[in-house]
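No value in this document is a laboratory result; all are computed from the given coordinates. As the structure is a prediction and not an experimental result, all values here were calculated from the model. Here the Cβ positions follow ideal geometry from the backbone for every residue, glycine too, while neighbour counts run over all protein chains shown.
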Amino acid sequence: ISRMGAMYREEEAGFTPFMKSCENYFIIAEAALRGWNVGMTAEAAYDKAVRLSMDDNGIPSADADAYLAGAGKWDGTMERVYMEEWVALFKNNLEAWSLYRRTGYPKAIQESGEYPGKFCIYGSDHNDVPFRMPYPNNEYLYNNDNISAASSGIVDYAWGEKMWWDTRTNVK
């Protein structure tokens, strides 16, 4: 169970859906910033996404208005979209992890120096979070032929290797 609060463990409305509507608007905002015709501006999509995210978490619309006029004000950058999307994915940690691996945001993960490598029981050769989840032990027990072929290029069991879409060059 979550120790974060009753909303996440006791209320049915506190569940984490497969994909939240705010995620769609963050995707639209990113696409609009890249110049794609998505039927709305990046700013409008960003604003809608932040409002939906806050509404999902029970934050009053007056507080959302204040946030969007202040600290969360649209600045026209991908960083703004990525950071707000990462926050919106609070209850969906695997999606937040994937967003970080795709975008490199939030930068604080890399700059903190606390994670990764430094405290990793698997060694200190890494400067970023793990690239992929390791295969579970059951795969090695019950599917050894296929898992051996699939994991043949993986040198570090815990970190894995970068996904094909991860084009960052300064991470290991």
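Can you tell me what percent of all Cα-Cα pairs in region 6-106 are more than 19 Å apart? Present the calculation step by step, with values, prior to reporting the outcome.
Working: 2110 of 5050 pairs.
For region 6-106, the share of Cα pairs beyond 19 Å comes to 42 percent.
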Exercise for review: Give the order of Glu85, Glu161 when sorted by the count of other beta carbons within 10 angstrom, beginning with the fewest.
Suggested key: Glu161, Glu85
Review point. What nm distance separates the two modelled labels at Leu68 and Asn93, each placed 7 Å from Cα along Cα→Cβ?
Key: 3.1
Exercise for review: Set the Förster radius R0 to 41 Å, insert the Cβ-Cβ distance between Tyr142 and Val171 as r into 1/(1 + (r/R0)^6), and round the FRET efficiency to 0.05.
Suggested key: 0.80
Check your understanding: On full extension of the chain, what length is gained from Ile27 through Ser152, given 0.36 nm per residue of separation minus the C-alpha to C-alpha distance?
Key -> 41.6 nm
Check your understanding: How about Lys20: which lysines have a C-alpha closer than 30 Å to its C-alpha, ignoring those fewer than 8 places off in the same chain?
Key -> Lys48, Lys73, Lys91, Lys107, Lys162
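How would you rank Phe90, Phe131, going from fewest to most other Cβ atoms within 10 Å of each one's own Cβ?
On the way: Phe90 14, Phe131 18.
In increasing order of surrounding Cβ atoms, one gets Phe90, Phe131.
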Exercise for review: Would you mind getting the Kirkwood hydrodynamic radius of region 123-163 from its Cα pairs, rounded to one decimal in Å?
Suggested key: 11.0
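Determine, for Asp166, Asp128, Asp75, the number of other Cβ atoms within 10 Å of each Cβ, and report the residues in order from fewest to most.
Details: Asp166 15, Asp128 20, Asp75 10.
Ascending number of Cβ neighbours within 10 Å: Asp75, Asp166, Asp128.
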